[in-house]
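Enquirer: Questions regarding the structure given below will be posed in turn.
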Amino acid sequence: MNGFIVINKETGYTSRDVVNIACKALKTKKIGHTGTLDPMATGVLVLAVGKATKLVDYITNKEKEYIAEIELGTLTDTLDITGKILASETVRKSETEIDHALAQMIGTYLQEVPIYSAVKVRGKKLYEYARHHEAVTLPKKEVTIASLKRISPLTVSDGKIRFTIRTTVSKGTYIRSLIRDLAAQLGTIGTMLRLERTRQGNYTLASAIRLTALENGNYRCISIPEALVDVKQMVVGDENATRIRNGNKIEAYYDVDKILFINPDGSPIGIYEQYEPGHFKPRIMF
């Protein structure tokens, strides 16, 4: 089996848990995921199976859409509700003020990575520094917030304000950090109460299955050519297929960056990339 399976991850599972369950259900160790979801988060988690694991970075680089619930007036060490409360304050903000701050967050900026994350600094994961109470300078990464909108009314309780947002972001964006930065834009503190990934690239919740369905054999594996709908695809005969499998450079006068070469039976041979006009070399071989 070579392709992608879209899982609707439930709360309480790590992304690694999902991979382990899939390995057992599909009786293979060659499975990877295309973007970590925290245990408290739910939603779209795309699994790459077999030769499709070579395309993990390709899928991971696609933009992602999330729905998140926010509480202004609370700050935790993990930046979500599972963490230890560090600060609490009364917040008084109008819908207009919040919507303006949301609009101000759209664009590209340097986002500080949360300390409770698996990003490595000097060979050690950040959450290891946090657990051992060791000082560390948190790295910053350039992220792009393509859209950010409030999709619920404000609710106020005990001086805290809650509301839900929908956002589309680039690879590497931490929604917990986005909420922290949004709160700072409003002159207060904030934490994430709930997170659901609703889309990754072309994959949405509508095409996702529960883990129980996977375990029961009720799933669909999306083929590599089907997954690469935005890449130029060419079916080649035996002679050209042999040249491509051998990694020979190819002349093809198409105004595209990449070409996926396919056998007549629909199985993928490899992805070639253009290195000069009309000339392509192997990038990923299947």
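Enquirer: State the number of residues belonging to region 54-104 that are in a helix (DSSP H, G or I) and within 19 Å of Gly187 (Cβ to Cβ). Break it down into steps so the answer makes sense when it comes.
Expert: Residues of region 54-104 in a helix (DSSP H, G or I): 54-60, 95-104.
Then keep just the ones that are within 19 Å of Gly187 (Cβ to Cβ); that gives 95-104.
Residues that pass the stated criteria total 10.
Enquirer: So Asp77 ticks every box in (1) charged (D, E, K, R); (2) more than 23 Å from Ile161 (Cβ to Cβ); (3) open to solvent by 20 Å² or more (accessible area, probe 1.4 Å) but one. Which box is left unticked?
Expert: All conditions pass for Asp77, except number (2).
Enquirer: Can you tell me which residue is most open to solvent (accessible area, probe 1.4 Å) among those in region 20-39 that are under 15 Å from the mean Cα position of the chain (by Cα) and either among the β-branched types (Val, Ile, Thr) or closer than 19 Å to Ile67 by Cα (or both)? Steps first, answer last, please.
Expert: Of all residues in region 20-39, those under 15 Å from the mean Cα position of the chain (by Cα) come to 32-39.
Among the residues that remain, those that are also either among the β-branched types (Val, Ile, Thr) or closer than 19 Å to Ile67 by Cα (or both) are: 34-39.
Working: Thr34: 0, Gly35: 13, Thr36: 98, Leu37: 5, Asp38: 53, Pro39: 60 Å².
My answer is Thr36.
Enquirer: Could you list, in sequence order, the residues of region 110-124 that are assigned to a strand (DSSP E or B) and either within 11 Å of Ser177 (Cβ to Cβ) or open to solvent by 70 Å² or more (accessible area, probe 1.4 Å) (or both)? Before you say what the answer is, go through the steps one by one.
Expert: Kept after step one, since they are assigned to a strand (DSSP E or B), are these residues of region 110-124: 110-112, 120-121, 124.
Leu110, Gln111, Glu112, Lys120, listed by residue number.
Enquirer: List every residue pair whose Cβ atoms lie under 7 Å apart, where the two residues are 6 or more positions apart in sequence or sit on different chains, the first residue falls within region 239-268 and is of a type in the set (Val, Ile, Thr), and the second residue, located anywhere, is surrounded by fewer than 16 Cβ atoms within 10 Å (Cβ to Cβ) and assigned to a loop (DSSP other than H, G, I, E, B).
Expert: Ile259/Ala252
Enquirer: Restricting attention to region 178-193, does a residue exist that is of a type in the set (D, E, K, R) and within 19 Å of Thr42 (Cα to Cα)?
Expert: The first filter runs over region 178-193 and keeps only residues of a type in the set (D, E, K, R), leaving 180-181.
Keeping just the survivors that are within 19 Å of Thr42 (Cα to Cα) gives none.
No, the conditions are met nowhere in region 178-193.
Residue-wise test of (1) open to solvent by less than 20 Å² (accessible area, probe 1.4 Å); (2) touching a strand residue (DSSP E or B) at 6+ places or on another chain (Cβ under 7 Å).
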| residue | (1), (2) |
| --- | --- |
| Glu95 | no, no |
| Asp99 | no, yes |
| Thr108 | no, yes |
| Arg131 | no, no |
| Val136 | no, yes |
| Lys141 | no, yes |
| Phe163 | yes, yes |
| Thr168 | yes, yes |
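Enquirer: Still on this structure, I have one more. For region 53-63, give me each residue that is open to solvent by 10 Å² or more (accessible area, probe 1.4 Å) and under 13 Å from the mean Cα position of the chain (by Cα).
Expert: Residues satisfying the conditions are Val56, Asp57, Tyr58, Thr60, Asn61, Lys62, Glu63.
Enquirer: Does region 235-242 contain at least one residue that is open to solvent by less than 40 Å² (accessible area, probe 1.4 Å) and touching a helix residue (DSSP H, G or I) at 6+ places or on another chain (Cβ under 7 Å)?
Expert: Looking for residues that are open to solvent by less than 40 Å² (accessible area, probe 1.4 Å) and touching a helix residue (DSSP H, G or I) at 6+ places or on another chain (Cβ under 7 Å), one finds at least one in region 235-242, hence yes.
Enquirer: I need every pair where a residue in region 169-183 that is within 18 Å of Thr198 (Cβ to Cβ) has its Cβ under 8 Å from the Cβ of a residue that is surrounded by 20 or more Cβ atoms within 10 Å (Cβ to Cβ) and of a type in the set (Phe, Trp, Tyr), sequence separation at least 6 or different chains.
Expert: Pairs found: Val169/Tyr66; Ile175/Tyr66.
Enquirer: Within region 187-235, work out how many residues are among the polar types (S, T, N, Q), assigned to a strand (DSSP E or B) and more than 19 Å from Asp38 (Cα to Cα).
Expert: At the first step, the residues of region 187-235 found to be among the polar types (S, T, N, Q) are 188, 191, 198, 200, 202, 204, 207, 212, 216, 218, 223, 233.
Filter once more, so that each one left must be assigned to a strand (DSSP E or B): 191, 198, 200, 204, 223, 233.
Checking the rest, the ones that are also more than 19 Å from Asp38 (Cα to Cα) come to 223, 233.
Final tally of qualifying residues: 2.
Enquirer: Now a separate question. Which members of region 11-20 meet the condition of being farther than 8 Å from Leu211 by Cα and not small (Gly, Ala, Ser)? If you could, list the steps in order and put the result at the bottom.
Expert: Going through region 11-20, the residues farther than 8 Å from Leu211 by Cα turn out to be 11-17, 19-20.
The answer is Thr11, Tyr13, Thr14, Arg16, Asp17, Val19, Asn20.
Enquirer: Basic (Lys, Arg) and in a strand (DSSP E or B): is that true of Arg166 in this structure?
Expert: Working: basic (Lys, Arg): yes; in a strand (DSSP E or B): yes.
Taking the combined requirement at face value, the residue satisfies it.
Enquirer: On the given criteria, is Asp257 open to solvent by 60 Å² or more (accessible area, probe 1.4 Å), modelled with pLDDT under 95 and under 25 Å from Val56 (Cβ atoms)?
Expert: On the way: open to solvent by 60 Å² or more (accessible area, probe 1.4 Å): yes; modelled with pLDDT under 95: yes; under 25 Å from Val56 (Cβ atoms): yes.
So Asp257 passes the test.
Enquirer: Something else about it: Considering (1) at pLDDT 95 or above; (2) closer than 21 Å to Lys54 by Cα, say which one Lys232 fails and leave the rest.
Expert: (1)
Enquirer: Could you check region 1-19 and list, in sequence order, the residues that are open to solvent by less than 10 Å² (accessible area, probe 1.4 Å) and not in a helix (DSSP H, G or I)? Break it down stepwise before answering.
Expert: Initially, region 1-19 is screened for residues open to solvent by less than 10 Å² (accessible area, probe 1.4 Å), giving 3-7, 9, 15, 18-19.
Within region 1-19, Gly3, Phe4, Ile5, Val6, Ile7, Lys9 qualify.
Enquirer: Among the residues of region 184-216, how many are free of Cβ contacts under 8 Å to residues at least 24 places away in the same chain and over 19 Å from the mean Cα position of the chain (by Cα)?
Expert: Let us first name the residues in region 184-216 that are free of Cβ contacts under 8 Å to residues at least 24 places away in the same chain, namely 184, 187, 206, 212-213, 216.
After this cut, where a residue has to be over 19 Å from the mean Cα position of the chain (by Cα) as well, the list is 184, 187, 212-213, 216.
Summing the residues that are free of Cβ contacts under 8 Å to residues at least 24 places away in the same chain and over 19 Å from the mean Cα position of the chain (by Cα) in region 184-216 gives 5.
Enquirer: Which one of these is among the aliphatic types (A, V, I, L, M) and farther than 26 Å from Ile21 by Cα: Ile67, Ile106, Ile59? Walk me through it before giving the result.
Expert: Numbers: Ile67 fails: farther than 26 Å from Ile21 by Cα; Ile59 fails: farther than 26 Å from Ile21 by Cα.
Sole residue among the options that is among the aliphatic types (A, V, I, L, M) and farther than 26 Å from Ile21 by Cα: Ile106.
The values are calculated or read from the model by the stated rules, or taken from the named source; none is laboratory data. Note that the coordinates shown come from a computational prediction; the quantities given were computed from them, not determined experimentally. Neighbour counts run over all protein chains shown; Cβ positions are idealised from the backbone, glycine included. All accessible areas refer to the heavy atoms of the entire protein, side chains included, with ligands and DNA or RNA removed. Shrake-Rupley method; radii C 1.70, N 1.55, O 1.52, S 1.80 Å.
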